[in-house]
Amino acid sequence: MKEQLESIRRQALDAVAAAADPAQLEELRVRFLGKKGELTAVLKQMGKLSAEERPVMGQIANDIRAAIESAMETAKKELVAKALEQRLLDEALDVTVPGKEAKIGHRHPMYIALDEIKEIFIGMGFTVLDGPEVELAELNFDRLNAEEGHPSRDWSDTFYFDTDSRVMLRSQTSPMQVRAMDTMELPIRIIAPGRVYRKDEVDATHSPMFHQVEGMVIDKNVTMADLKGTLNTVVEQLYGKGTKTRFRPHHFPFTEPSCEMDVQCHKCGGVGCPTCKGEGWIELLGAGMIHPRVLEMSGIDPNEYSGWAFGIGLERTAMRRFKIADLRLIFENDVRFLEQF
Ligand code: PHE
């Protein structure tokens, strides 16, 4: 019996030493120490022993059980530690591998141009206003001296929401003139950038949605000279010192006199080329002295106050600023185009 016990001890300790993981250890525990295990099987034969032999064998069996248990304990600790070490190795991060470059976007050329315009006007003491794109025809037309029957009110030009033509997508940022006059204290110096909508087909220079920046000054003794001086300053800051402008007479219902301002073509310097369609000049904005009727309708006395206003096309400004030939590029948002700015 002693030999049997010793053989179990050897086999068990060898097997424990060779175990590859905790699950195998558990199998060994059942095999050697379990109720139906090998050690138990031997002990069941104790009855056959003499009274003197029994306690001696019992002692040996207990020693063997203790030895196997302690070997298992130690082996388990080692296996767990080894498993952890392996996991740490497997999951280790090689910080020297080059990372994937995170692609972040950048500003759209039109908004770069808008920010430049804002900077310039804020520097001159203007306040930047934001206004609704869904506007009342009353503010977009009536209060701007464009009465019923004015061609720009036609359904073929304007997006209306209702059959009585009272609510519309604003066709210009000029209703912001009225909103400013209605809510602000005099004197007023504002710009108001935003989207405007007209029923135009898309081509290289037209889109049913585009952006304008409205500008307006109302104060005592304000003249056309202030308008021209201010716009020339802005143009020089945007396009560089010495950039020439030209003011042509025009008509708007809410300004009198009215004009359009052209900027000398950046491509040909005024000689005439395809970009300026042979003109040498590119139209940039409409402007004028605020019509006395418009001031009156907003409760401002035109004998005491005068003002000027302008509306600049933002896409056009950006196209000139960044030498972009086709308006559609601004709206397509092709990253290959946008990444150039
Ligand atoms: N609202 C005019 C347009 O859309 C531009 C303009 C604004 C003209 C202010 C005069 C004064 O064409």
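See the values below:
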| quantity | calculated |
| --- | --- |
| Calculated P(r) tail over 24 Å for the stretch 221-341, as whole % of Cα pairs | 38 |
| Beta bridges by DSSP in the chain, antiparallel share as percent, to the nearest 5 | 95 |
| Unsatisfied cross-links (Cα-Cα over 18 Å) in the set LYS36/LYS76; LYS228/LYS267; LYS241/LYS267 | LYS36/LYS76; LYS228/LYS267 |
| Those Cys residues of the chain for which no other cysteine Cβ falls under 4.7 Å | CYS259 |
| Calculated SAXS-style log₁₀ I(q)/I(0) at q = 0.13, 0.19, 0.21 Å⁻¹ - the stretch 199-290, Debye, Cα scatterers | -0.53, -1.05, -1.19 |
| P(r) histogram, all alpha-carbon pairs of the stretch 118-216 included - 5 Å bins from 0, percent | 3, 13, 22, 23, 17, 12, 7, 3, 0 |
| Residues PHE159, PHE32, sorted so that the one with the fewest Cβ neighbours within 10 Å comes first | PHE159, PHE32 |
| Mean separation of Cα contacts under 8 Å, 6 or more apart, over the residue count of the chain: relative contact order % | 14 |
| Cleavage-rule hits, trypsin sites (Lys or Arg not before Pro), the stretch 146-190, DSSP coil, Cβ neighbours within 10 Å at most 12 | ARG166 |
| Theoretical ellipticity at 222 nm over the chain - DSSP helices of four or more residues, -39500 (n - 2.57) apiece, nearest 500 | -13000 deg cm²/dmol |
| Partners for LYS35 among lysines (Cα-Cα distance below 19 Å; same-chain residues under 8 apart left out) | LYS44 |
| Using alpha carbons only: equivalent-ellipsoid semi-axes of the stretch 1-112, gyration tensor based, whole Å | 60, 12, 9 |
| Dimensionless Rg/Rh of the chain - Kirkwood Rh, Rg from C-alpha atoms | 1.63 |
| Cleavage-rule hits (GluC sites (Glu not before Pro)) in the stretch 63-146: DSSP loop, at most 11 neighbouring Cβ within 10 angstrom | GLU101 |
| Table column - 3J(HN,Hα) (Hz), the stretch 190-197, Karplus curve with 6.51, -1.76, 1.60, x for Gly and Pro | 9, 10, 9, x, x, 7, 9, 9 |
| Neighbour-count ranking [beta-carbon atoms within 10 angstrom, fewest first] of ASP142, ASP162, ASP21 | ASP162, ASP21, ASP142 |
| For the stretch 135-291: rounded, prolate or oblate by the Cα gyration tensor [a/c cutoff 1.5] | oblate |
| Debye log10 I(q)/I(0) at q = 0.10 Å⁻¹ for the stretch 48-137, Cα point scatterers | -0.70 |
| Candidates VAL128, VAL202, VAL42, ranked by Gaussian network fluctuation over the chain, Cα under 10 Å, top entry | VAL42 |
| Interchain or long-range residues, amide H under 5 Å from ILE290's placed H | GLU256, GLY307, TRP308, ALA309 |
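Bear in mind these aren't lab numbers, they're just calculated from the coordinates by the rules spelled out. Quick caveat, the model's predicted, so the values are computed rather than measured. Cβ sites come from the backbone with ideal geometry, for glycine too, and all protein chains shown count toward neighbours.
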